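Computed from the coordinates by the stated procedures, all read-outs in this text should not be read as laboratory data. Bear in mind the structure is a predicted one, so any value in this text is a computation, not a measurement. Cβ sites come from the backbone with ideal geometry, for glycine too, and all protein chains shown count toward neighbours.
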Amino acid sequence: MNTVWKQTPISAEGRLGRPDEHPGRSDQDYLRRRDALAARAAGHRVGAPYAGVDYTEAEHRTWRTVHTALGPAHRAHACREAQDAAEAVDVPAERIPQHAEISPGLRARTGFAFTLAGGVVPNERFLGSMEHGYFHAVQFVRHPAVPLYTPEPDVIHDVFGHGIHLSDPRLAELYRLFGRTANRVRSEEALDILSRIYWFTLEYGLLTESGTPKAFGAALLSSFGEIAAHTVREVRALDIRAAASLPYCISGYQPVLFAARSLAHLEDTLGAFCAEFDEDTGSRLGIPSLPRNRT
Ligand SMILES: [Fe+2]
């Protein structure tokens, strides 16, 4: 969750709206709660213990709504690997789990754990921590008025998206690969390229099954509105250079998604790219410098 999402929200009636119209951007009571939870991350040292959250009944209700919607959505649209990984995560249906409840299971299966984030995390820290088995996750919950869409990553995204991924050894190894690669470079430009490839693979990637692109990325797995919408967007064959050349901080759904032929294809492609990746990769491949993708 290293970037602020600016996708188009979908109302309960299915109406598309502008991200800045989302109630999570203007409800002052909501923002006070969100900001108070985000502020806990100030000064957090990666891997240090942190307190849980006393969630309200309304927040638990939002969780239940999303949990109920995502089950059938996963069965219909998620790739087999993601569905299998989801079964390994003990995600409660009735209440929001604490990070401290999720992390031990991840640790046992893949060596990963959540570490506390309050929102945007710089690429160097966000990606680099993955080498050491830490994934930055937030504690706050999306606005209750639009439970099936969030304009920014929340605890639901982090549990249903990254928590699922990080319960599977093969998927977790891809996060470590990004971490190791990020820690080999120093420049913002190189880290930006990596973050865009991360975005179009681990956040928004698709895997092809019997000729059909299926949701693989964490952002798709955790968004009821997005997981099915990939069926109506432009889907291209996985192309790392093209993915690295696309900006991703946009208003609206990602207009282009990339589909690997299989998980093995994604592993091989990312592995080969990351093995060669260095400070000069961008200029060597003619990848354009893009505006910073944070707001
Ligand atoms: Fe994410």
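Determine the distance separating the Cα centre of the range 121-149 from the Cα centre of the range 196-227; give it in Å without decimals.
If you average the Cα positions of each part, the centres end up 17 Å apart.
Just want to confirm a number: the relative contact order over the chain, from Cα pairs under 8 angstrom separated by 6+ residues, in percent.
23
So what J values fall out for the range 185-194 if you push phi through Karplus, 6.51 cos²θ - 1.76 cosθ + 1.60 with θ = phi - 60°, rounded to Hz, Gly and Pro as x?
Once rounded to whole Hz, the list reads 10, 10, 6, 4, 4, 5, 5, 5, 4, 4.
So, with +1 on the Cβ of K and R and -1 on the Cβ of D and E, and no other charges, what is the size of the charge dipole of the chain about its Cα centre, to the nearest 20 debye?
With only Lys, Arg, Asp and Glu charged at Cβ, the dipole is about 180 debye.
Length gain on complete extension for the stretch ALA69 to ASP29, per 0.36 nm per residue less the alpha carbon to alpha carbon distance?
11.8 nm
Would you please give the residues with an amide H less than 5 Å from that of HIS136, counting only those at least 5 places away or on a separate chain, with H modeled from the backbone geometry?
Residues meeting the amide H criterion: THR115.
With both bridge residues required to lie in the range 19-285, what share of the DSSP beta bridges run antiparallel, to the nearest 5%?
For the range 19-285, the DSSP antiparallel bridge percentage is about 25.
What is the set of long-range amide H partners of ARG236 at a cut-off below 5 Å, with H atoms built 1.01 Å from backbone N?
Amide H neighbours of ARG236: LEU257, PHE258, ALA259.
Count neighbours as other Cβ atoms within 10 Å of each site's Cβ, and list the trypsin sites (Lys or Arg not before Pro) in the range 68-103 that are DSSP loop with at most 15 such neighbours.
ARG95
Run the quick spin-label model on THR56 and ALA264: label points 7 Å from Cα toward the beta carbon, then report their separation in nm to one decimal.
A separation of 5.1 nm, rounded to one decimal place.
Specify which residue in the list PHE114, TRP63, SER289 is farthest towards the positive end of the charge dipole of the chain, using unit charges on the beta carbon of Lys, Arg (+1) and Asp, Glu (-1), about the Cα centre.
About the Cα centre, the residue reaching furthest to the positive side is SER289.
Suppose only helical runs count, i.e. DSSP H with n ≥ 4. What mean residue ellipticity at 222 nm does that imply for the chain under -39500 (n - 2.57) per run, divided by all residues and rounded to the nearest 500 deg cm²/dmol?
Here the helix-only value at 222 nm equals -12000 deg cm²/dmol.
Starting from the Cα-Cα distance between VAL256 and ARG95, subtract it from 0.36 nm times their residue separation and give me the gain in nm to one decimal.
54.5 nm
Give, in nm to one decimal, the length gained when the segment between ARG170 and ARG45 is fully stretched (0.36 nm per residue of separation minus the Cα-Cα distance).
Gain on stretching ARG170 to ARG45: 42.3 nm.
Enumerate the calculated ³J(HN,Hα) couplings along the range 151-158 in order (Karplus 6.51 cos²θ - 1.76 cosθ + 1.60, θ = phi - 60°), each rounded to whole Hz, writing x wherever the residue is Gly or Pro.
x, 8, x, 10, 5, 5, 4, 5
Using 7 Å Cα-to-Cβ label points, what is the ARG80/ARG109 separation (nm, one decimal)?
Spacing of the two 7 Å Cα→Cβ label points: 1.8 nm.
What angle, in degrees between 0 and 90 and rounded to the nearest 10, separates the Cα long axis of helix 169-182 from the longest principal axis of the Cα atoms of the chain?
Tilt relative to the chain: about 70 degrees.
Which whole-Hz couplings ³J(HN,Hα) result when phi for each residue of the range 133-147 is put into the Karplus expression 6.51 cos²θ - 1.76 cosθ + 1.60, θ = phi - 60°, listed in order with x for Gly and Pro?
x, 10, 10, 6, 9, 9, 10, 6, 10, 4, 5, x, 6, 10, x
Report the calculated FRET efficiency for ALA272 and GLU188 (r = Cβ-Cβ distance, R0 = 22 Å), to the nearest 0.05.
0.35
Against the empirical 2.2 N^0.38 Å scaling, what ratio does the C-alpha Rg of the chain come to?
Relative to the 2.2 N^0.38 Å estimate, the chain comes out at 0.93.
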